[in-house]
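Accompanying notes for the structure given below.
Since every read-out is calculated from the coordinates, none of them should be taken as a lab result. Bear in mind that the values here come from a model prediction, so they are computed numbers and not experimental data. Cβ atoms come from the backbone with ideal geometry, glycine included; neighbour counts cover every protein chain shown.
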Amino acid sequence: MNPETNSDQSQSWHRANRQKIAPQKIAPWLFLAPALLFFAVYVILPIFQSLWISLYAWDGIGARQWVGSGNYVELFDDYRFYTALKNNIIWLVLYMLAVPAGLFVALFLNQNIWGMRFYKSMFFFPFVISQVVVGLIFTWFYNPNFGIIGQVWQFFGATPPSILGDERFVTYGIIFAGLWPQIAYCMILYLTGLNNVSSDQIEAGRLDGAKGWRMLRYVILPQLWPATFLAIVVTVIGALRSFDMIAIMTQGGPYGSSNVLSYFMFEQALSEYGFRMGYGSAIAVILFLIMLIFISYFLWVMYQDEKRG
């Protein structure tokens, strides 16, 4: 057979394969392009805009005045910033209770007993209602005059506390209200994860004598790591960007004692007391950096687990 003929056939075969492979490589990017465009315009670009605006003194309407790091210097000298940061840390620590609570609720609901669908719908209910509604419900719940808390205290002949009006209790009261829907969300993640738990591994664990806590720790929890990772990330983000509950229940009061960074940013930049876009942007940048540190850490942990796997 002629070598030149073989060479021509080989080249034509490679060209045909390249023509087939090229669309397969391009097609995913064509589908991703709209999402990437929206992500760049509505997420990436605003981040850099906030960073740029934070270097100016600007009311959002008039001329901007360059102040450089002046907004950040003022921010780190502002006691209200440290109050909001402290409250965010309290939110972050106590909000993490939603992860184990969601796990144990999911384990309870993952049973084949009569009426379980009704119980699931009741636990699922907080997740589908708005944060505004949750805030209003707990505002009435905490009311010392006609709320459940007030009625219980009065039943025992005690003076009911004003939870949302007391600087000592207000942050914890709002966090407790926020935990209600957050536990429901973690529960849903774990219920989904429990559906994917290998029955073969559970059976093998039973044959080895594992039951109760040992079964949960050594057989079930390792298989629920993806759900746990997602629950932790979502809970951390929810704790750091907590805004709705505070806006509805206290507006940062009393005397700014329940403020968090997200509401403090809104208060300084957009509320009737603020219109300091540069100062508000500086708060937003600090909050973004805190979130970035946490999310980067969790992504690094996930990457290390994937490498070991």
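How would Met116, Met249 line up from fewest to most surrounding beta-carbon atoms within 10 angstrom? By the 10 Å Cβ count, ascending, the order reads Met116, Met249.
The gain in end-to-end length when the Leu51 to Leu97 segment is fully stretched comes to 13.3 nm, 0.36 nm per residue minus the alpha carbon separation. Take every Cα pair under 8 Å whose residues are at least 6 apart in sequence, average their separation, divide by the length of the stretch 101-218, and the relative contact order is 32 percent. Per-residue ellipticity at 222 nm, computed for the chain from helices alone with -39500 (n - 2.57) per DSSP H run of at least four residues, works out to -22500 deg cm²/dmol. Between Trp213 and Ser296, the contour length at 0.36 nm per residue exceeds the alpha carbon distance by 26.7 nm. Annotation for the stretch 158-263: chymotrypsin sites (Phe, Trp or Tyr not before Pro) lying in DSSP loop with at most 13 further Cβ atoms inside 10 Å of their Cβ are Tyr255. Remark: Thr192, Thr139, Thr159 ranked as Thr159, Thr192, Thr139, counting other beta-carbon atoms within 10 Å and listing the fewest first. Would you work out the relative contact order for the chain, in percent, from Cα pairs under 8 angstrom that are 6 or more residues apart? Averaging sequence separation for qualifying contacts and normalising by length gives 26 percent for the chain.
With Rh defined as the Kirkwood radius, the inverse of the mean 1/r over Cα pairs, the Rg/Rh of the chain is 1.13.
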